[in-house]
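Here is the structure we will look at.
The values are calculated or read from the model by the stated rules, or taken from the named source; none is laboratory data. Being a predicted model, the structure only gives us computed values, none of them experimental. No Cβ is skipped: glycine too gets one built from the backbone with ideal geometry, and neighbour counts run over all protein chains shown.
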Amino acid sequence: MSLFTAEGLVKRFGGLLATDHVDLAVDAGEIHALIGPNGAGKSTLVNLISGLLPADAGRIVLDGVDLTVLAPHARTRAGLARCFQITSVFRNDSVRDNLLLAVQAQAGSSFRCLSRRDAEHALQERAEALAQRAGLAEVLERNAGTLPHGLQKRLDLALALAARPKLLLLDEPMAGMGPEDSQQMVGLIRSLRRETAILLIEHDMDAVFQLADRISVLVYGKVLTSGDAAHVKGHAEVQAVYLGTEVAT
Amino acid sequence: MLEPTSQGASSAPCAAAAVTHARFPGLARRLPWLVLALLAAFPLLAPAFGLEYYVGFVRRVLIVAIAATSLNFILGYGGMAALGHAGFIGVGAYTVVALVEAGFSSAWLAWGSAALVAGLAAAAIGAVSLRTRGVYFIMITLAFAQMLYYLAVSLRTWGGDDGYGLYTPLELGAWLDGAHAQVFYWVVLAIAAAVFALFSRVAHSRYGHALRGIRDNEMRMVALGYPVYGLKLAGFVAAGAVAGLAGGLLASHNAFVSPSIMHWTQSALLLVMVMLGGAGRRWGAPLGVALWLTLEEVLKLYTDYWHWPLGLLLLLVVFHAPQGVAALLERRGGREGAR
């Protein structure tokens, strides 16, 4: 029994079938990578799962809860958190304020309007713990927008982690990173394995092969094949449409 | 909303509040209280300087500042550019008219009802409008306010186009009536101070932080698990209710209500005043209102073409202080924005 299943997901943009009856399953503690050439519909799929785009058909279940009918924010509350391909943080706020805002969403009502939030010790402690976890403790008071790209990506990840997700959707967490940042991110993601299952969308094949327990290949909105690294590397069609000569050598 | 009178005492102290922050931190903390004390003493001091005429003007500035503070809350903190705020002022004012017409005379009942009814109107209008974003939100709030405007024009019982005169002042009750000629001024001042303090406090609460988060990055807030729509609607309703309260007070202040109180140009003017003062700044709304209305009164003394210099001032602000005068003063004071 999988922790997360998506069944028969369909999304049309006019005449274009961006997501073509996609089935996907992620087990508890698993890192499941989703790869595919540009335009394969990876980001669309992430948006369907997180609810930012409404699906035309299909069903999404996380830990026995049907998410299909839930609004995006309710899906997060049900345990499904996500990161963004284009880093999405609060650029004009300090890292601390970013984390506080993320932590606050999960700790009681945000309609509280008379007591000072920054005086809540429980929130501050959780924010600091998150910063520690994501390697941001040294830049807590810096403005998020002034951080180097790699740190912003980590902040983006830390914001998602605040939700204590059961399933974490990572949309290209290594995008635009140099090898060093990339390797740190791999380490961070690997360390999350015990806390949450992960659906990882990534172009960096080295990272994917290092991290993934299972890899699904998406082509033209369809899952071409699914399996471990060896299976995918050896799959003739995958080589043809995606990996090409890189694996052949 | 606008009626003739002149030069107020309220703008200068507010402006100084921000400036002195850096150099005299102790004074900075006390300055809001100093401003409040000055405003409270104004009706008593005014006769000595021959300024009785301006007590009414300051009272109007305070009432408009209440409405502007509520608009600043949803515009500056919530990122909702509502172009129909005067609609709620109008709903508040006409609620007072309706109660007076029905024979009620208690000021507290009338103003409380004004806030309540405007809050309900804001809930209905917000529930629909907040499903849209950006320009569409601006247009739909404008459309709703104009519907209210034309509704008021068509309501014969409440004066229609000609307006409705409130010939006997509302009763404050207890010892307040007749205690002093200017007792209404102090009531307005107390309400304005309370509203300002309340919104300042909310800005630093969980709710205030969440609202700013929505303004800065709505999609991320959704992904973080925030019920964005509900949070925005709550702010919209609170702002509408406070604007309604201001409308109720304005009805008493003018002793007259006409549909023009909620014409869309009034909504636009309110937006302009908030932007001038500094949207999303604590002192933005009162500063903008005091500055604009004071300049308007002063310029009217010299020329019939007072729109010209005000327009030029607006251009200046747009180019040199796009964050508003409050931001400019904070920067001059060498201090980070007090948000």
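What the table shows:
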| read-out | value |
| --- | --- |
| Filtered residues of the range A:91-117 (kept if among the charged types (D, E, K, R) and more than 7 Å from chain B (Cβ to nearest Cβ)) | A:ARG91, A:ASP93, A:ARG96, A:ASP97 |
| When residues of the range B:182-204 are limited to those that are among the β-branched types (Val, Ile, Thr) and more than 10 Å from chain A (Cβ to nearest Cβ), the one surrounded by the most Cβ atoms within 10 Å (Cβ to Cβ) | B:VAL188 |
| Residue pairs meeting the criteria (Cβ under 9 Å; at least 6 apart or on separate chains; first in contact (Cβ under 8 Å) with a residue 12 or more places away in the chain, in the range A:76-95; second among the aromatic types (Phe, Trp, Tyr)) | A:THR76/B:TYR226; A:LEU80/A:PHE4 |
| Any pair with Cβ under 6 angstrom, 6 or more apart, that starts in the range B:205-227 at a residue that is more than 7 Å from every other protein chain (Cβ to nearest Cβ) and ends at one that is in a helix (DSSP H, G or I) and of a type in the set (Phe, Trp, Tyr) | B:LEU211/B:TYR77; B:ARG212/B:TYR77 |
| Set B:ALA192, B:ALA223: member being farther than 22 Å from B:VAL117 by Cα and either in a helix (DSSP H, G or I) or at pLDDT below 95 (or both) | B:ALA223 |
| Test result for B:LEU211, over 18 Å from the mean Cα position of the chain (by Cα) and part of a helix (DSSP H, G or I) | yes |
| Residues within the range A:108-145 that are out of contact with any Lys or Arg (no Cβ under 6 Å at 6 or more places or on another chain) and among the basic types (Lys, Arg), tallied | 4 |
| Criterion (crowded, with 24+ Cβ neighbours inside 10 Å and either under 17 Å from the mean Cα position of the chain (by Cα) or not polar (S, T, N, Q) (or both)) met by exactly one of B:ALA102, B:ALA107, B:ALA127, B:ALA67 | B:ALA67 |
| Among residues of the range B:165-195, those that are aromatic (Phe, Trp, Tyr) and more than 16 Å from B:LEU249 (Cβ to Cβ), counted | 2 |
| Qualifying position, being more than 30 Å from A:ARG116 (Cβ to Cβ) and crowded, with 16+ Cβ neighbours inside 10 Å, among A:LEU67, A:LEU100, A:LEU16 | A:LEU67 |
| Those residues of the range A:205-222 which are in contact with a Ser or Thr (Cβ under 7 Å, 6 or more places away or on another chain) and either polar (S, T, N, Q) or surrounded by fewer than 20 Cβ atoms within 10 Å (Cβ to Cβ) (or both), in sequence order | A:ARG214, A:SER216 |
| Residues located in the range A:73-88, provided they are within 8 Å of another protein chain (Cβ to nearest Cβ), buried (at least 24 other Cβ atoms within 10 Å of the Cβ) and under 15 Å from B:TYR226 (Cβ atoms) | A:THR76, A:ALA81, A:ARG82 |
| Unmet requirement for A:GLU128, which otherwise passes all of (1) within 14 Å of chain B (Cβ to nearest Cβ); (2) crowded, with 17+ Cβ neighbours inside 10 Å; (3) not β-branched (Val, Ile, Thr) | (1) |
| Top-ranked residue of the range A:149-179 - restricted to ones that are out of contact with any helix residue (DSSP H, G or I) (no Cβ under 8 Å at 6 or more places or on another chain) and either in a helix (DSSP H, G or I) or under 15 Å from A:PHE90 (Cα atoms) (or both), ranked as farthest from the other protein chains (Cβ to nearest Cβ) | A:PRO179 |
| Single match in B:SER267, B:SER252 (criterion: among the small types (Gly, Ala, Ser), away from chain A (no Cβ under 14 Å), farther than 29 Å from A:PHE111 by Cβ and part of a helix (DSSP H, G or I)) | B:SER252 |
| Test: B:VAL272 is within 14 Å of chain A (Cβ to nearest Cβ) and under 19 Å from the mean Cα position of the chain (by Cα) | no |
